[in-house]
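A.B. asks: Sending over a structure as structure tokens; questions will come in a sec.
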Amino acid sequence: MTITLKRTEEQLELLKAMASRDRSIAYEAQAALGSFMGPILAEVINNAPTLSNLFTTLSFNPDDNPSIPLDLYYDITAEDYITVYSQSMPGGLPTNHVSPTASELKFTTYNLDSAVSFDKRYAAKSRLDVVGKTFTRIAQEILLKQERTSANLILGTLADNSGNLLTSKIAGRFLLADLNALITKSKRVNDSWSGGTPANKRSGITDLLVSPEIIEEVRGMAYNPINSKTADGTVPAAGSDAWVAAPDDIRRGLFNDSGEMTSFFGVNLMEVYQLGPLADGNQFTKIFNGLNAMSRSDLVLGLDLSRDSLFKGVVLDSESGAEFTLTADDQYSIRQQKIGYYGSIEEGRMVLDKRAIFGIEV
């Protein structure tokens, strides 16, 4: 992610004004640039391909008492009581609330913020690259906090519902059979209120969040065997002739798409570097292992984004109407010769339906 400011006369004049010895002129210029960049940073943050942006946004005014009418997000024949997961503080573990479907869900919002500064001489010399890097750092820090908060919520929900967690057919390998079993599991979990076939048949898993090592396993299906059992139902032994390769058209597709794989077996793939072997200390895998001791080394997250489940409530700024506010940081004195900015977003995240989150330990 890189934010680049265009080198125009207006931008250059604004930077020079930020370095003015007249504090009122300098602060006014800093505030003007902050008001201009705030909505841009919000757009950058919201369009980043991250775990946090898998949540559907619900906007609220600053003076609102945020709530969600649960009956609108569940079928009329749904159970009387459901479990909703949310957080009371950024990065905290999710708590589950048992609520009747015919009720208003009140949720807590919290601030995610970042503060950065740079030497005033960069503004005096019209160093647009330094200012651009400063705003990039703000966006990165907010994204990092959102990512950690989202991961704790999703992983905590999965850990609390271990029935949605499978283990791979063969330890250390991710095969087509594992994805096939996960799709079947999601269909069973999402049966109708009577335990039968739902009227609107769901396709099940829509997205997989996987580590680079799992992507390697998928690419390897182009030349490695893919079956997980022999004719008698046992796992094929090493060196046996019972191993079966994928059909030619599947292997050809994997060869052609190996550079950047975006889907597999009709399911979207999202490569997440924080997932991966537990022994390597990958962040999301460590979090999940702390919540639910893993029997395997890696974790594949499966999401059903066709179901209304993942939501984030965002409080809009009362003046600009933007989700993200960026203001001039006035903590610096003239002697410090620094220009600072403070950015923040007020949000709250929740999982309304645990039947949208699944996992495979690999």
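The values are calculated or read from the model by the stated rules, or taken from the named source; none is laboratory data. Because the structure is a prediction, the values reported are computed rather than measured. Here the Cβ is made from the backbone with ideal geometry for all residues, glycine too, and neighbour counts use every protein chain on show.
A.B. asks: Would you pick out the residues in the range 278-318 that are of a type in the set (D, E, K, R) and part of a helix (DSSP H, G or I)?
C.D. replies: Asp280, Lys286
A.B. asks: I've got another one for you. Taking into account only those residues within the range 114-161 that are among the small types (Gly, Ala, Ser) and under 21 Å from the mean Cα position of the chain (by Cα), which is nearest to Thr95 (Cα to Cα)?
C.D. replies: So, considering only residues that are among the small types (Gly, Ala, Ser) and under 21 Å from the mean Cα position of the chain (by Cα), the one nearest to Thr95 (Cα to Cα) is Gly156.
A.B. asks: Would you please name the residue that is farthest from Ile170 (Cα to Cα), looking only at residues in the range 205-241 that are among the charged types (D, E, K, R) and modelled with pLDDT of 90 or more?
C.D. replies: Asp207
A.B. asks: So, one more: Could you tell me how many of the residues in the range 10-29 are of a type in the set (Gly, Ala, Ser) and either assigned to a helix (DSSP H, G or I) or closer than 19 Å to Thr325 by Cα (or both)?
C.D. replies: Residues meeting the conditions: 4.
A.B. asks: Mind counting the residues in the range 2-39 that are touching a residue at least 60 places away in the same chain (Cβ under 8 Å) and of a type in the set (Val, Ile, Thr)?
C.D. replies: 3
A.B. asks: Of the residues Asp317, Asp304, Asp330, Asp353, which is within 16 Å of the chain's Cα centre (by Cα) and of a type in the set (Asp, Glu)?
C.D. replies: From the options Asp317, Asp304, Asp330, Asp353, the qualifying one is Asp304.
A.B. asks: With the structure loaded, tell me whether Arg137 is surrounded by fewer than 20 Cβ atoms within 10 Å (Cβ to Cβ), of a type in the set (Lys, Arg) and in a loop (DSSP other than H, G, I, E, B) or whether it fails that test.
C.D. replies: For Arg137, the condition - surrounded by fewer than 20 Cβ atoms within 10 Å (Cβ to Cβ), of a type in the set (Lys, Arg) and in a loop (DSSP other than H, G, I, E, B) - is not met.
A.B. asks: Return the total of residues in the range 319-329 being assigned to a loop (DSSP other than H, G, I, E, B) and either modelled with pLDDT under 90 or over 30 Å from Ser114 (Cα atoms) (or both).
C.D. replies: 5
Okay, residues lined up against (1) in contact with a helix residue (DSSP H, G or I) (Cβ under 9 Å, 6 or more places away or on another chain); (2) part of a helix (DSSP H, G or I); (3) within 30 Å of Leu158 (Cβ to Cβ); (4) in the same structural domain as Ala115 (by TED's automatic domain parsing):
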| site | (1), (2), (3), (4) |
| --- | --- |
| Ala31 | no, yes, no, yes |
| Gly34 | no, yes, no, yes |
| Asn46 | yes, yes, yes, yes |
| Ser59 | no, no, yes, yes |
| Ile68 | no, no, yes, yes |
| Thr83 | yes, no, yes, yes |
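A.B. asks: Condition test on Ala181, is it assigned by TED's automatic domain parsing to the domain that holds Met294, at pLDDT 90 or above, of a type in the set (A, V, I, L, M) and not in a loop (DSSP other than H, G, I, E, B)?
C.D. replies: yes
A.B. asks: Tell me the residue from Phe265, Phe288 that is among the aromatic types (Phe, Trp, Tyr), surrounded by fewer than 16 Cβ atoms within 10 Å (Cβ to Cβ), in contact (Cβ under 8 Å) with a residue 24 or more places away in the chain and outside the structural domain of Ala48 (by TED's automatic domain parsing), please.
C.D. replies: Phe265
A.B. asks: While we're on this one: Taking only pairs six or more apart or across chains, which ones have beta-carbon atoms under 9 Å, a first residue in the range 233-246 that is assigned by TED's automatic domain parsing to the domain that holds Gly220 and assigned to a strand (DSSP E or B), and a second residue that is modelled with pLDDT of 70 or more and surrounded by fewer than 12 Cβ atoms within 10 Å (Cβ to Cβ)?
C.D. replies: Ala245/Tyr223
A.B. asks: Right, next: Could you identify the single residue in Val272, Val235, Val314 that is of a type in the set (A, V, I, L, M, F, W, C) and over 26 Å from Met89 (Cβ atoms)?
C.D. replies: Of the residues listed, the single one that is of a type in the set (A, V, I, L, M, F, W, C) and over 26 Å from Met89 (Cβ atoms) is Val235.
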